[in-house]
Every structure is written in structure tokens, then in C-alpha cells.
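Following: one structure in C-alpha cells, then a few remarks.
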Amino acid sequence: MTSIQGRVAVVTGGASGIGRGIAEALIEEGATVVIADVQQDALDATAAEIGATGIRVDVTDPASIEALAAETIERFGSVGILVNNAGVGALARLKDVTLADWRFMVNVNLWGVINGVTTFLPLLEANEDGGHIVNTGSMASFAPMAGGGIYNVTKFGVAALTETLAIELAEDGSNVHTTLLAPGTVHTNIKNSLRKRPDDLAGGLQDVDISEGVGAGLRWIDPIDAGRITTRAIRNNDLYALTHPDWHHLVKNRTDALDAAFAQYPVEGA
Ligand code: NAD
């Protein structure tokens with residue numbers, strides 16, 4: 001079990017959407033919450049609305065993450081929970097993307113998590129009562145979707161990072177635990193992901209509101225529901241936090257195809 005009551009938690013991308021929902025759920029359970037986000041206006045508004053402290057961060061910049069950690073420790077004395085949640089979600093088929101698109105999305109979705117883990121893991125390990133790292137992946141961490149090629153790559157990367165970290169923390173007998181949050185469709189501002197894209201990283205990616213297209217018939221949940229699923233996973237030290245267990249078939253299609261591929265190859269020399 002990881003306790004939440006009385007802990008200091010940092011949530012990146014906490015000004016909006018799922019990050020805000022996680023921050024609210026952590027506050028419900030008695031945590032002191034720092035929300036960290038690149039959008040200063042939304043950060044100020046959300047911090048005031050939910051009773052969190054807002055600290056501006058750009059997760060793509062290691063120095064900015066280090067400054068976030070230093071300011072959190074300076075103001076609150078410790079940090080026990082880190083939620084690497086900031087992310088962007090624009091779409092394009094792989095034939096239509098540029099290297100600038102790859103850089104933009106890998107920088108936020110994968111380097112943002114790498115920067116967070118690298119800076120905060122030693123701080124959590126130094127706590128007598130350990131701590132917890134949540135990384136926000138996606139159902140795209142397990143089952144790639146067409147049109148989301150770069151996104152899929154970043155979210156598979158977040159899954160690989162989190163699963164490897166879990167193995168190593170367990171082998172080391174660490175008091176730090178980790179969770180991969182893999183949401184399905186959640187009502188958020190992800191459809192406006194390009195508004196903060198640096199001009200020199202413009203390319204073929206497009207903001208798409210999938211709730212009005214391919215996602216129209218899917219089950220959509222609210223961020224606070226994703227937040228409460230996340231806090232339960234933190235308390236239980238669960239490796240996976242799933243918002244859409246009803247999407248199991250999507251993952252199974254992939255694992256069934258892998259099973260069939262393994263079954264069809266003879267073992268040479270056996
Ligand atoms: P959102 O746009 O509502 O929130 C994302 C937040 O991240 C925004 O406040 C944004 O300003 C912030 N952010 C973006 N770049 C940043 C940077 N460089 N540094 C700091 N903050 C930055 O979107 P969301 O849907 O809540 O997304 C949160 C996470 O959930 C993302 O990792 C996303 O991939 C993941 N996710 C979302 C869904 C969904 O259906 N909405 C599904 C699966 C996974």
C-alpha cells in the first residue's frame with residue numbers, strides 16, 4: 001500500500017483534463033497537490049479552483065523539471081507522489097508526418113516522462129516511506145490505432161519505461177512503486193494539443209476531435225473518474241490503472257496475433 005493522506009504530490013499537465021482529475025482525486029484523499037503545466041493561465045485558474053499550488057513547468061526541458069522538484073521541496077519539504085501526465089495527442093497517418101512532428105510529440109509524451117522519472121526517482125527513494133510514480137500512457141500503450149503512429153510509439157515507450165521500472169524497483173526491494181495509467185476515451189482538451197506547439201516544430205499533425213468522429217460511439221468518461229481510478233491504483237501499488245476494462249478485446253487482438261506468430265515458428269534445432 002502507498003499512503004496518500006498527508007503526502008505531497010506533483011501532477012504534470014495538471015491544469016487540464018486527466019491531470020486535473022488526478023489532482024482533484026489526490027486532494028479528496030488528503031494529499032497536498034502541486035499541479036505543474038506549461039500553460040500559465042490555465043494553471044492559475046485550475047490551482048485556484050481545486051485548491052492546489054500551481055508551478056509552471058515545461059516537461060520537455062530537464063532544467064525546468066529540476067526547478068519544479070527544487071521548488072516543491074523548498075515549499076513543502078518533501079515529495080512522495082509524482083504523476084507524469086502531461087501529453088499531447090494530435091493525429092496524422094505516418095506517411096503524412098515530418099521529423100518535426102516526431103520531435104514535438106516525442107519531446108512531450110516520452111521525454112517529459114523520462115525527465116520526470118530521472119529527476120524525481122532519487123527524491124522518492126530518499127524518503128523513509130518511499131513513494132509512487134504514475135506515468136500516463138494510454139490504451140495506445142497496448143494496441144496501436146491507425147492515424148496515431150507517433151502517439152502510439154510514445155505511449156508504448158511510456159509502458160516499457162514503467163514496466164521496466166516496476167521490475168527493477170521490485171528486484172531492488174525499493175519502497176517506491178509505479179503505475180501505468182492507461183486511459184481510454186476521457187473528455188478533456190486533448191483535441192487542442194497543437195496550440196502550444198513551438199513554431200519550429202510545425203508539421204503534418206492535426207488536432208482532431210475524435211468524439212465527433214471515430215470515437216463518437218465509444219464510452220467517454222470524466223477526468224475525475226480517471227483520477228479516482230488512479231488514486232486507487234496508487235493506494236494498492238497496482239502496476240496498471242485501467243479506465244476502460246470493456247476495451248480488453250483491442251489488446252487481445254494484438255496478443256492473439258502474437259500468440260499465433262509464436263505458435264507458427266518451429267524452434268530451430270529442437
Ligand atoms: P489535456 O490537453 O486536457 O491536458 C494535457 C495538459 O498537458 C494540458 O494542460 C497541457 O497544457 C499540458 N502540457 C502539454 N505540453 C506540456 C509541456 N511541454 N509541459 C507541461 N505541460 C504540458 O489532455 P488530457 O487528455 O488530459 O491528456 C493528459 C494525458 O492523458 C496525456 O498524456 C494523454 O496522452 C493521456 N490520454 C488522454 C486520453 C483522452 O481520451 N483524453 C486517453 C488516453 C491517454
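Only the coordinates and a few stated rules stand behind these numbers; no lab work does. As the structure is a computational prediction, the values presented were derived from the model and not from experiment. Glycine also receives a Cβ, built like all others from the backbone with ideal geometry; neighbour counts cover every protein chain displayed.
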Quiz item: For the residue pair Ala126 and Tyr265, what label-to-label distance in nm results when each label sits 7 Å from Cα along the Cα-to-beta-carbon direction?
Solution: 4.5 nm
Quiz item: Where Lys and Arg each count +1 and Asp and Glu each count -1, what net charge lies around Val57 among other residues with Cβ under 11 Å from its Cβ?
Solution: -4
Practice problem: Post the alpha-carbon centroid distance, segment 138-152 to segment 72-134, in whole angstrom. | Solution: 18 Å
Quiz item: Among all lysine pairs in the chain that are eight or more places apart or on different chains, how many have alpha carbons less than 22 angstrom apart?
Solution: 5
Quiz prompt | For the chain: relative contact order, % (alpha-carbon pairs under 8 angstrom, 6 or more apart) | solution = 22 percent
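Defining a contact as two alpha carbons under 8 Å apart and six or more residues distant in sequence, what relative contact order in percent does segment 116-205 show?
After rounding, I find 34 percent.
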Quiz item: Going from the alpha-carbon gyration tensor of segment 1-153, what semi-axes, largest first and in whole Å, does one get by taking the root of 5 times each eigenvalue?
Solution: 28, 16, 15
Practice problem: Give the residues of segment 169-209 whose amide nitrogen is closer than 20 Å to a point set 7 Å from the Cα of Leu239 in the direction of its Cβ. | Solution: 169-184
Quiz prompt | Pairs of Cα atoms farther than 30 Å apart, the chain, % | solution = 27 percent
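Which of the DSSP-defined H helices in the chain satisfy a minimum axial length of 27 Å, computed from C-alpha atoms, and a minimum mean Kyte-Doolittle hydropathy of 0.0?
Counting only whole DSSP H runs, the qualifying helices are 149-171.
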Exercise. Could you calculate the contour length gain from Glu74 to Asp207, that is, 0.36 nm times the residue separation minus the distance between their Cα atoms, to one decimal place in nm?
Key: 44.1 nm
Practice problem: Please compute the net charge surrounding Gln40, taking Lys and Arg as +1 and Asp and Glu as -1 over other residues with Cβ under 12 Å from its Cβ. | Solution: -2
Exercise. Return the long-range amide H neighbours of Val88 (sequence gap of 5 or more, or a different chain), with a cut-off of under 5 Å between placed amide H atoms.
Key: Asn109
